[in-house]
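Peer 1: One structure is given below, represented as structure tokens, and several questions about it will come after.
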Amino acid sequence: MVDRNNYYSVSPAQKAEIDEGLRAYMLTVYNYMASALALTGLAAYVTANTPALLNLFYSVQGGMLAPTMLGYIVMFSPLAFVLALSFGVNRMQASTMQMVFWGFSVVMGLSLSNILLMYTGASVAKTFFVTAAAFGSLSLYGYTTKKNLSGFGSFLIMGLFGLIIASVVNMFMQSTMMEFVISVIGVLIFAGLTAYDTQRIKLMYLESDHSEIASKKAIMGALSLYLDFINMFLYLLRFMGNRN
């Protein structure tokens with residue numbers, strides 16, 4: 001296995017051999033991500049269209065949906081799953097990480113079921129396909145570019161922390177202008193992170209690992225791209241979504 005820093009300077013024969021394994025690895029990452037998105041969509045759809053489930057998570061107050069106690073638990077549960085995967089990666093087996101990842105995607109679907117009630121189905125579908133097209137283009141760029149995006153990624157991660165702080169502040173300010181600015185910046189940040197994370201996942205493959213570690217890396221890579229996709233979709237939905 002070649003060192004990640006020398007990937008672009010190896011001979012054509014070596015590069016062809018590396019790329020064959022890399023394509024299989026990236027396909028595994030994308031398959032994990034796509035399967036997680038499908039589970040999220042299914043869980044959201046079933047919840048939004050099953051009154052018994054919906055009543056567990058939401059109640060109508062003043063003509064608006066409000067989370068129940070269980071709804072709040074479900075809302076914050078995805079963060080717990082992400083933390084469990086991030087901090088437990090060295091202790092969990094790859095098979096356990098897979099189960100946690102699938103559980104995370106289902107819980108994420110439960111927490112996002114309300115968007116199917118807030119927005120029309122047509123606008124949700126349109127936003128999803130726009131997000132998919134943008135994600136595919138950006139991920140392809142991250143995979144193929146020879147430019148080192150690590151510095152760009154550091155800038156985006158700092159911007160992400162700023163975005164989180166601004167979002168918390170706006171929860172109290174309730175400024176529509178600030179919400180618009182946050183949405184624009186959110187789309188740009190997660191668009192950039194899609195390219196950055198794809199390159200990072202690709203270069204991580206170049207490190208020599210046994211199959212168990214490689215499987216763990218594939219799951220964590222899928223988690224990163226999944227979060228980029230979901231967040232870009234949610235921020236785009238603020239612009240493109242038509243409310244019911």
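The values are calculated or read from the model by the stated rules, or taken from the named source; none is laboratory data. On a predicted model such as this, the values are computed, not experimentally measured, just so you know. Positions of Cβ are backbone-derived with ideal geometry, glycine not excepted, and every protein chain shown enters the neighbour counts.
Peer 1: Considering SER95, SER77, which residue is part of a helix (DSSP H, G or I) and touching a Ser or Thr at 6+ places or on another chain (Cβ under 8 Å)?
Peer 2: Matching residue, one of SER95, SER77: SER77.
Peer 1: Please verify whether the stretch 212-221 includes one or more residues that are among the β-branched types (Val, Ile, Thr) and crowded, with 21+ Cβ neighbours inside 10 Å.
Peer 2: yes
Peer 1: Hey, among the residues in the stretch 80-92 that are outside any helix (DSSP H, G or I) and of a type in the set (A, V, I, L, M, F, W, C), which one's modelled with the highest pLDDT?
Peer 2: Among those residues, the one meeting the criterion is MET92.
Peer 1: Here is a further query. Of all residues being farther than 29 Å from LEU56 by Cβ and among the aromatic types (Phe, Trp, Tyr) in the stretch 96-142, which is surrounded by the most Cβ atoms within 10 Å (Cβ to Cβ)? Just the residue, please.
Peer 2: PHE135
Every residue, every condition in (1) at pLDDT 85 or above; (2) in contact with a helix residue (DSSP H, G or I) (Cβ under 9 Å, 6 or more places away or on another chain); (3) more than 23 Å from LEU234 (Cα to Cα), yes or no:
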{"residue": "ASP19", "(1), (2), (3)": "no, no, yes"}
{"residue": "MET26", "(1), (2), (3)": "yes, yes, yes"}
{"residue": "ALA48", "(1), (2), (3)": "yes, yes, no"}
{"residue": "LEU54", "(1), (2), (3)": "yes, yes, no"}
{"residue": "GLY62", "(1), (2), (3)": "no, no, yes"}
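Peer 1: Same structure, new question: If I ask for residues that are of a type in the set (Ser, Thr, Tyr) and within 23 Å of VAL100 (Cβ to Cβ), which ones from the stretch 195-222 would you list?
Peer 2: Passing the criteria: THR198, TYR205, SER211, SER215.
Peer 1: Could you please find all residues in the stretch 106-147 being modelled with pLDDT of 90 or more, outside any helix (DSSP H, G or I) and under 26 Å from GLN199 (Cβ atoms)?
Peer 2: Of everything in the stretch 106-147, those that are modelled with pLDDT of 90 or more, outside any helix (DSSP H, G or I) and under 26 Å from GLN199 (Cβ atoms) turn out to be THR145, LYS147.
Peer 1: Within the stretch 66-78, can one find any residue that is polar (S, T, N, Q), at pLDDT 95 or above and under 16 Å from the mean Cα position of the chain (by Cα)?
Peer 2: Looking through the stretch 66-78, none of the residues is polar (S, T, N, Q), at pLDDT 95 or above and under 16 Å from the mean Cα position of the chain (by Cα).
Peer 1: Which residue out of GLN61, GLN93 is without any contact (Cβ under 8 Å) to a residue 12 or more places away in the chain and out of contact with any strand residue (DSSP E or B) (no Cβ under 9 Å at 6 or more places or on another chain)?
Peer 2: GLN61
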